[in-house]
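My questions will all concern the structure given below.
Derivation of every value follows stated rules applied to the coordinates shown; laboratory data play no part. Just so you know, these numbers come straight off a predicted model, no measurement behind them. Neighbour counts run over all protein chains shown; Cβ positions are idealised from the backbone, glycine included.
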Amino acid sequence: MNQEELFKKLIAHCKEYGFIFPSSEIYDGLSAVYDYGQYGVELKNNIRRYWWDAMTRLHENIVGIDAAIFMHPTVWKASGHVDAFNDPLIDNKDSRKRYRADNLIEEHLQKIDEKIEKEIEKAAKRFGSSFDEHLYRTTNPKILELSAKGEALRARYVKALEKDDLAELRQIILDEGIVCPVSGTRNWTEVRKFNLMFETKIGSVAEEASTIYLRPETAQGIFVNFLNVQKTGRMKIPFGIAQTGKAFRNEIVARQFIFRMREFEQMEMQFFVKPGEELTWYNFWKEQRMKWHKALGMGDEKYRFHDHDKLAHYANAACDIEFHFPFGFKEVEGIHSRTDFDLGNHQKYSGKKLQYFDPDLNQSYVPYVIETSIGLDRMFLSVISNAYTEEKIVKEDGTEDERVVLRIPPVIAPVQIAVLPLVKKDGLPEKAREIISRLRFEYNCQYDEKDSIGRRYRRQDAIGTPYCITIDHQTLADNTVTIRYRDSMDQERIPVDNLETIISEKLSMKNLLKKLL
Ligand code: GAP
């Protein structure tokens with residue numbers, strides 16, 4: 001099964017098992033908008049909690065806020081979103097499909113990179129243990145030609161972006177012979193700009209109504225509250241403000257399930273520093289954020305940094321943390337050194353001083369900012385796509401079977417413990433509920449007594465429950481239970497009193513957070 005088919009199965013699985021539903025599904029859905037179901041919301045909350053606690057509990061100089069989605073319209077003028085939050089669009093006249101011109105070129109560049117990697121792979125197989133990859137990369141004529149082509153194209157593309165040259169973007173698409181994936185033709189329109197912000201009206205009387213925007217990022221709610229928090233929290237630089245919440249973007253090309261949505265959630269932290277110290281802090285946050293991702297244990301090789309080809313005019317350093325999704329390495333989080341651009345502009349547009357008095361220097365300045373910005377839904381997608389596994393298994397009677405298991409990191413699994421009485425009688429349900437009543441304060445537990453024990457295990461595998469605890473008649477006699485492990489499917493008999501020690505090691509948020517120190 002290829003990655004595309006697997007991804008389709010994942011989407012179907014998310015719906016079938018109550019993780020993610022298309023929005024307003026009974027009306028045929030709304031493009032690029034999704035609802036989280038009963039298990040989805042638990043997983044989402046757990047990811048949010050992991051992020052929130054890592055930010056606000058592990059750093060005594062970071063505090064959180066929860067700003068409103070609606071903001072004064074001038075905020076978006078000052079932030080640059082009204083004038084510059086645009087995507088370059090291009091339409092294919094035959095398929096009538098619309099694309100982002102930059103995405104078409106980036107995907108083309110990625111194909112060149114993939115060709116190079118394939119050539120290397122082939123050579124490695126051919127030469128076996130004597131293969132010298134570095135030598136091959138630097139001397140093989142085909143590789144050299146492809147690398148030069150990629151580099152020249154990348155340089156041309158970055159220049160076009162920097163100059164905001166829409167005609168040149170189109171020309172690149174034509175020169176490279178990039179075709180529409182649907183029609184297969186090169187019949188392209190001009191490239192146009194399209195602002196991504198959603199507008200609405202505030203006020204009940206039409207004449208008084210004024211246009212406001214649904215926020216396209218949560219960051220600005222932090223900037224406009226910079227002084228409020230600094231003063232009331234008596235915060236000293238360096239310090240950070242964290243926030244999670246909804247953001248809205250009228251994405252032109254909304255594809256790949258919850259990867260690019262029109263309504264989504266961000267988890268952002270703005271870290272205010274002394275001018276001149278920003279690059280030290282930028283590197284600090286790059287390392288911290290990578291550690292946060294890797295601590296979940298989904299595989300270190302699944303992550304990489306990608307430095308931005310083109311820096312925004314206000315940034316002096318920027319990179320993405322990319323995750324290996326089923327459709328390739330893609331951005332899951334951005335880390336940006338935003339200089340004093342945002343606070344400086346809000347100061348200019350509002351006429352209010354947004355400065356920090358530094359007692360060490362005995363002077364005031366507009367702080368510089370390092371931003372870490374991660375999409376909660378995109379993080380969710382990385383977890384669930386990495387977790388989805390189809391496995392062939394051999395049953396106790398020797399016959400073969402299949403199972404779908406979500407290998408979600410146990411600490412953020414939506415249901416962490418399932419407690420299953422072997423039969424619905426003889427006091428077993430009561431004993432099961434007694435165990436749940438002990439564990440539920442710390443862990444999300446589920447009780448299930450319906451169907452055979454094998455079917456119940458499968459149901460729990462499909463939602464990613466790391467531990468199933470089975471209560472049988474022996475439990476009543478000696479207070480022991482069977483614990484079944486999701487990933488290995490191993491089972492062992494343990495005293496009820498040992499349960500918490502065994503499960504807490506893997507399920508404790510405390511242990512996960514400790515890895516970040
Ligand atoms: N304040 C900076 C900012 O918003 P961004 O790179 O535009 O930066 C940050 O967005 C993160 O938000 C991305 O890395 C991604 O995880 C998430 N994100 C952005 N647009 C998204 C969308 N349309 N759907 C889902 N997640 C999105």
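Over all Cα pairs of region 72-184, how is the pair count split among 10 Å bins, expressed in % and running from 0 up to the last occupied bin?
Pairs per bin, as whole percents: 12, 32, 25, 19, 9, 3, 0.
Cα-Cα pairs above 14 Å in region 67-125: how many percent?
Looking at region 67-125, the distances longer than 14 Å represent 74 percent of pairs.
Work out, step by step, the length gained on full extension between K77 and K193: first 0.36 nm times the residue separation, then minus their alpha carbon distance; give nm to one decimal.
40.0 nm
Also, I was wondering about something else. For each pair in K395/K450; K201/K286; K122/K392; K9/K514; K44/K93; K15/K330, compute the distance between the two Cα atoms and list the pairs where it is over 32 Å.
Correct reply: K201/K286; K9/K514; K44/K93.
Return the Rg/Rh ratio of region 404-470 with Cα-based radii and a Kirkwood Rh.
0.97
How large is the charge dipole for region 383-503, taken about the Cα centre, if only the Cβ atoms of Lys, Arg (+1) and Asp, Glu (-1) carry charge, to the nearest 20 debye?
The calculated dipole for region 383-503 is roughly 360 debye.
May I ask you to list the GluC sites (Glu not before Pro) in region 14-72 that are in a DSSP loop and have at most 13 other Cβ atoms within 10 Å of their Cβ?
Passing sites in region 14-72 are E60.
If you filter region 313-415 for GluC sites (Glu not before Pro), then keep DSSP loop positions with at most 15 other Cβ within 10 Å, what is left?
E396
What are the lysines whose alpha-carbon lies under 19 Å from the alpha-carbon of K348, with same-chain residues fewer than 8 places away excluded?
The qualifying lysines are K77.
Okay, next question. Determine the principal axes of the Cα atoms in the chain, then give the extent along each, sorted from largest to smallest and rounded to whole angstroms.
Projected onto its principal axes, the Cα set of the chain covers 76, 65, 55 Å.
Multiply the residue gap between N86 and S350 by 0.36 nm, knock off their C-alpha separation, and tell me the result in nm, one decimal place.
Extra length from N86 to S350 when fully extended: 92.6 nm.
What number in nm² do you get for region 136-253 if you take the convex hull of its Cα atoms and divide its surface by four?
Taking the Cα atoms of region 136-253, their convex hull projects to 15.2 nm² on average.
Let me ask something additional. Between L6 and V182, with labels modelled 7 Å along Cα→Cβ, what's the label distance in nm to one decimal, could you check?
2.8 nm
Moving on. Counting other beta carbons within 10 Å of each Cβ, put K294, K425 in order, fewest first.
The most exposed by this proxy come first: K425, K294.
Please arrange H346, H308, H473 by how many other C-beta atoms lie within 10 Å of their C-beta, fewest to most.
Numbers: H346 22, H308 16, H473 12.
Ordered by Cβ neighbours within 10 Å, fewest first: H473, H308, H346.
Right, another one. Please compute the length gained on full extension between E106 and E442, using 0.36 nm multiplied by the number of residues separating them and subtracting their Cα-Cα distance.
So the extension gain works out to 116.4 nm.
Another question, then. So for region 393-507: antiparallel DSSP bridges make up what percent, rounded to the nearest 5?
In region 393-507, approximately 60 percent of DSSP beta bridges are antiparallel ones.
Additional query: Apply the Karplus curve 6.51 cos²θ - 1.76 cosθ + 1.60, θ = phi - 60°, to the phi angles in region 153-166 and return the couplings in whole Hz, x for Gly and Pro.
5, 4, 5, 5, 5, 5, 4, 4, 5, 4, 8, 6, 8, 5
Angle check, please: helix 278-294 long axis (alpha carbons) against the longest principal axis of the chain (alpha carbons), in degrees 0 to 90, nearest 10.
The angle comes out near 30 degrees.
Expressed as a whole percent, how much of the Cα-Cα distance distribution for region 445-517 exceeds 18 Å?
Value for region 445-517 (Cα pairs over 18 Å): 47 percent.
Positive end of the charge dipole of the chain (Lys, Arg +1 and Asp, Glu -1 on Cβ, about the Cα centre): tell me which of S147, G344, N195 has its Cα farthest that way.
Of the listed residues, the answer is G344.
Find, to one decimal place in angstroms, the Kirkwood hydrodynamic radius of region 189-249, where the mean of 1/r is taken over every pair of different Cα atoms and then inverted.
14.8 Å
Let me ask another. Along region 19-34, what does the Karplus equation 6.51 cos²θ - 1.76 cosθ + 1.60 (θ = phi - 60°) give for ³J(HN,Hα), rounded to whole Hz, x for Gly and Pro?
Residue by residue, region 19-34 yields 8, 9, 10, x, 5, 6, 4, 5, 9, 6, x, 10, 4, 6, 10, 9 Hz.
HN-Hα J couplings of region 172-180 from phi, Karplus 6.51/-1.76/1.60, θ = phi - 60°, integer Hz, Gly and Pro as x?
My calculation for region 172-180 gives 4, 4, 5, 4, 7, x, 6, 10, 5 Hz in order.
How far apart, in nm, are two points set 7 Å out from the Cα along the Cα-to-Cβ line at M489 and at I393?
0.4 nm
Per residue, what volume in Å³ does the convex hull of the Cα atoms of region 286-420 enclose?
Residue-normalised Cα hull volume stands at 186 Å³.
Related question: Which FRET efficiency value, to the nearest 0.05, is calculated for R126 and A148 with the Förster distance at 25 angstrom and r the Cβ-Cβ distance?
Efficiency for this residue pair is about 0.60.
Roughly how far apart, in whole Å, are the Cα centres of region 163-198 and region 6-71?
Here the answer is 32 Å between Cα centres.
Here's another thing I want to ask about it. Listing F131, F325 from the residue with the fewest other Cβ atoms within 10 Å to the one with the most, what is the order?
By the 10 Å Cβ count, ascending: F131, F325.
Also, I was wondering about something else. Suppose each label sits 7 Å from its Cα in the direction of the beta carbon; what would the H473-K450 distance come out to in nanometres?
A separation of 2.7 nm, rounded to one decimal place.
Ok, one more. So what's region 193-317 giving for Rg/Rh, alpha carbon basis, Kirkwood Rh from the mean inverse pair distance?
Over the Cα atoms of region 193-317, Rg/Rh equals 1.02.
I'd like the FRET efficiency for K231 and D66, computed as 1/(1 + (r/R0)^6) with the beta carbon distance as r and R0 of 25 Å, rounded to 0.05. Intermediate values should be presented prior to the final figure.
Working: r = 18 Å, r/R0 = 0.73.
According to the calculation, E is roughly 0.85.
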